[in-house]
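Remarks on the structure that follows.
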Amino acid sequence: MSAFMQAALEEAEAAAARGEVPVGAVIVCDGAIVARDGNRTLELADPTAHAEMLAIRAACLRRGSERLAGCDLYVTLEPCPMCAAAISFARIRRLYYGADDPKGGAVEHGVRFFGDPTCHHAPDVYSGMGAGAAARLLRDFFAARRPSGGREGAA
């Protein structure tokens with residue numbers, strides 16, 4: 001696994017420690033991390049405060065542009081439709097993501113945003129990087145929040 005995906009996983013772990021859904025994102029430009037964050041929807045009372053959105057906003061501010069052409073995004077979970085749209089609008093060059101999200105994803109599942117003819121920019125997509133670690137983090141997070149501790153039907 002790349003050091004950049006490892007940094008995204010660290011952001012996901014920090015999000016879990018805050019009680020947020022454990023998703024982390026890192027933006028890399030010219031071989032260096034320019035922005036990183038994890039989900040903060042609860043903390044900020046903001047449904048758009050997904051890890052990707054926060055990292056994109058920070059990277060754009062740091063670069064002084066609404067475009068991140070030549071930059072790559074590493075995220076632990078397949079982006080949702082909102083985040084896929086932001087990735088497209090920011091003109092991110094490459095998207096690397098860990099775990100698939102058959103329920104809420106919009107890259108290889110659901111609406112498949114980048115394949116739609118109305119999508120103006122589609123990044124190169126590489127899925128499965130760090131997928132096991134990302135999926136385990138999500139599974140453990142949600143299992144700990146179920147009333148049965150994740151053991152449906154346990155006596």
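A 1.4 Å probe run over the protein chains yields, for the range 6-155, 49 Å² of accessible area per residue, whole-number rounding. Here the range 37-125 yields Rg over Rh of 0.94, to two decimals, using C-alpha coordinates and the Kirkwood radius. Of the chymotrypsin sites (Phe, Trp or Tyr not before Pro) found in the range 39-139, no site is in coil according to DSSP while having at most 13 other Cβ atoms within 10 Å of its Cβ.
Magnitude of the charge dipole for the chain, about its Cα centre and with charges confined to Cβ atoms of Lys, Arg (+1) and Asp, Glu (-1), is about 100 debye. For the chain, the Cys residues with no second cysteine's beta carbon closer than 4.7 Å are 60, 80, 83, 119.
In a DSSP loop and with at most 10 other Cβ atoms within 10 Å, the trypsin sites (Lys or Arg not before Pro) in the range 44-149 are 103. Note on the chain: antiparallel DSSP beta bridges, both residues inside, total approximately 55 percent of the bridges counted. Among rounded, prolate and oblate, which fits the range 14-65 when a ≥ b ≥ c are the square roots of the eigenvalues of its C-alpha gyration tensor, a/c under 1.5 means rounded, and a/b larger than b/c means prolate? The shape class here is oblate.
Here the range 66-155 carries DSSP beta bridges of which approximately 0% are antiparallel, counting only pairs with both residues inside. The charge dipole of the range 32-105, taken about its Cα centre with unit charges on the Cβ of Lys, Arg, Asp and Glu (plus for the first two, minus for the last two), comes to roughly 380 debye. The portion of the accessible surface of the range 19-95 made up by carbon and sulfur, rounded to a whole percent, is 56 (1.4 Å probe; DNA, RNA and ligands excluded).
The values are calculated or read from the model by the stated rules, or taken from the named source; none is laboratory data. Since we're looking at a predicted model, the values are computed, not measured. Positions of Cβ are generated from backbone atoms using ideal geometry, with glycine treated the same way; all protein chains shown enter the neighbour counts. Surface accessibility is based on the protein's heavy atoms, side chains included, excluding ligands, DNA and RNA. Shrake-Rupley method; radii C 1.70, N 1.55, O 1.52, S 1.80 Å.
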